[in-house]
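The values are calculated or read from the model by the stated rules, or taken from the named source; none is laboratory data. As the structure is a prediction and not an experimental result, all values here were calculated from the model. Don't worry about glycine lacking a Cβ; one is built from the backbone with ideal geometry, like all the others, and counts go over all protein chains shown. The area values use the complete protein model at the heavy-atom level, side chains included, leaving out ligands, DNA and RNA. Shrake-Rupley method; radii C 1.70, N 1.55, O 1.52, S 1.80 Å.
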Amino acid sequence: MIGIDAGGTKILGVVLDPNRAVEHELRTTWRERTTDATVELLIEFCRELEKAVGEVQAFGFGLPALVPSARGAIPYSTHLPLEGVDFRVRAAQALGRPVAVDNDVNCALRGEVAMGAAVDRQNVVMLTLGTGIGGALLLDGQLYRGARGFAAELGHIPIAKDGPPCQGKCPGRGCLEALASGGALGRAARELAERDPESTLGQALLAGAEIDGALVTDLALAGDRQAQALIATVGEHLGVGLAAFANAFDPELILIGGGLARAGELLLGPARRVLEQRALPAIREQVQVELAGLGERAGAIGAAIMAAELCAREE
Ligand SMILES: [Zn+2]
C-alpha cells in the first residue's frame, strides 16, 4: 500500500509491506501552486513510488483540508489549492485503482493507533502543532468524523473571547491556533525581537534571520531562556485547550505531534501543569499527555493503512 502525506510545504510518501513495515520512502516539495499542478504532482509521486516497489492495490492520501466522508468536493483547504476538487474521484481516475482520502491529522492518528504511541488505546485526542493546529479524535476505538467528516478541528476551539484573530480563513478570535501554534509562537518571538534588540532573537532579527516557531524551538533547545519562556507561554495556552478536551472527551491519552513537538518537555511541562489546574480532578487523573511516536511519518503511514482498510472492505 502507498500512503501519501501532502503537507503545506512538503510531500512524504511511504510504501508499507503486508506486515505494515515501511518498505520504501520518498519525499518531494511542491512546484507550481495551481490546482492541476498539485493534483498531477501527487499522481506522479505515486507512480514514482510504484517504480521502486512495483504495482500496489490502493492509495491513501492525507490532505491538510476538510475532507468529506462521502463523495464530494473539498470545501476548505488551508495550504493547498484543492478547494472545490473531488480529489478522491480525480486521483482514482488517474491511478485506475481505489483511493482513500482523509484529513492529514486523522491519518496521523490512524498511524499512531496502528503502530505508534496510541497502540491499544480507545480514546485519544491528537493535536499537531505546526504553523496551525490540526486535531483528530479517536472515541471508543473509532475516528470521530462528525456529520460530514469535518469534525475535530480542535485548533479552532476558542480559549479566549477577545483573543487575537485566528489564522487562515477562520473568522474566530482567541482560537487555540491563534495562541498555541507555531504561527503564534513566531508572532510572539517577532514582538520580543523588536522590543529587545539585545536578546538572542533580537540579534537574529538584525542578522536577517526569519523569526518563526522553528527558530524559537532551536534556540530554546540550545538553552536560550527567553525562547524557553516564549514556549512555556505557548504551553500554558495549550494546557487550557487540553483541559477543555479532557473535560469534553475523557480521553486516556492526548498526543502532541507536529514541528513544535520538538520542544518536548519545554512545551509539554507547562501544558500538563495547566491541564492539572483546570480540568475536573476525576478526569485529569486519567489523562496522559505524550509526544506522538511516529514523527513526521505518522500521516503517510496512516494514509497507507487507510488504503489497506479500503481494500479489505472491498474484497
Ligand atoms: Zn480559528
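Search segment 154-168 for residues being near the ligand (Cβ under 9 Å from one of its atoms) and more than 19 Å from Asn247 (Cα to Cα), and hand back the single one that is modelled with the lowest pLDDT.
Gly168
Only residues in segment 138-163 that are in the same structural domain as Ala279 (by TED's automatic domain parsing) and under 21 Å from Asp120 (Cβ atoms) count as the first member; pair them with residues that are of a type in the set (A, V, I, L, M) and within 16 Å of the ligand (Cβ to nearest atom), Cβ under 6 angstrom, at least 6 apart or cross-chain, and list the lot.
Close Cβ pairs (under 6 Å, with a partner that is of a type in the set (A, V, I, L, M) and within 16 Å of the ligand (Cβ to nearest atom)) amount to Tyr144/Ala151.
Please verify whether Gly269 is open to solvent by 10 Å² or more (accessible area, probe 1.4 Å), more than 16 Å from the ligand (Cβ to nearest atom) and outside any helix (DSSP H, G or I), treating the condition exactly as stated.
Taking the combined requirement at face value, the residue does not satisfy it.
More than 9 Å from the ligand (Cβ to nearest atom), under 26 Å from the mean Cα position of the chain (by Cα), at pLDDT 95 or above and in a helix (DSSP H, G or I) - does that describe any residue in segment 195-208?
no
Mind checking which residues of segment 138-162 are open to solvent by 40 Å² or more (accessible area, probe 1.4 Å) and touching a helix residue (DSSP H, G or I) at 6+ places or on another chain (Cβ under 7 Å)?
Filtering segment 138-162 down to residues open to solvent by 40 Å² or more (accessible area, probe 1.4 Å) leaves 139-140, 142, 144-145, 147-148, 150, 153, 156-159, 161-162.
Within segment 138-162, Leu139, His156, Ile157, Ile159 meet the criteria.
Here is a list: Ala189, Ala184. Which entry is away from the ligand (no atom under 13 Å from the Cβ) and either open to solvent by less than 50 Å² (accessible area, probe 1.4 Å) or under 20 Å from the mean Cα position of the chain (by Cα) (or both)? Break it down into steps so the answer makes sense when it comes.
On the way: Ala184 fails: away from the ligand (no atom under 13 Å from the Cβ).
That would be Ala189, the only listed residue that is away from the ligand (no atom under 13 Å from the Cβ) and either open to solvent by less than 50 Å² (accessible area, probe 1.4 Å) or under 20 Å from the mean Cα position of the chain (by Cα) (or both).
Answer yes if at least one residue in segment 235-244 is under 30 Å from Phe59 (Cα atoms), touching a residue at least 12 places away in the same chain (Cβ under 8 Å) and within 18 Å of the chain's Cα centre (by Cα), and no otherwise.
No, that holds for no residue.
From the list Glu309, Glu290, pick out the single residue that is part of a strand (DSSP E or B) and open to solvent by 50 Å² or more (accessible area, probe 1.4 Å).
Glu290
Output the residue which, of all residues in segment 124-152 that are touching a Leu at 6+ places or on another chain (Cβ under 8 Å), assigned to a loop (DSSP other than H, G, I, E, B) and not small (Gly, Ala, Ser), is farthest from Leu268 (Cα to Cα).
My answer is Phe150.
Assess whether Gly174 counts as being closer than 26 Å to Thr9 by Cβ, within 16 Å of the ligand (Cβ to nearest atom) and not hydrophobic (A, V, I, L, M, F, W, C).
no
Residue by residue through segment 6-29, note down the ones that are under 27 Å from Thr131 (Cα atoms) and open to solvent by 30 Å² or more (accessible area, probe 1.4 Å).
Matches in segment 6-29: Thr9, Lys10, Glu25, Leu26, Arg27, Thr28, Thr29.
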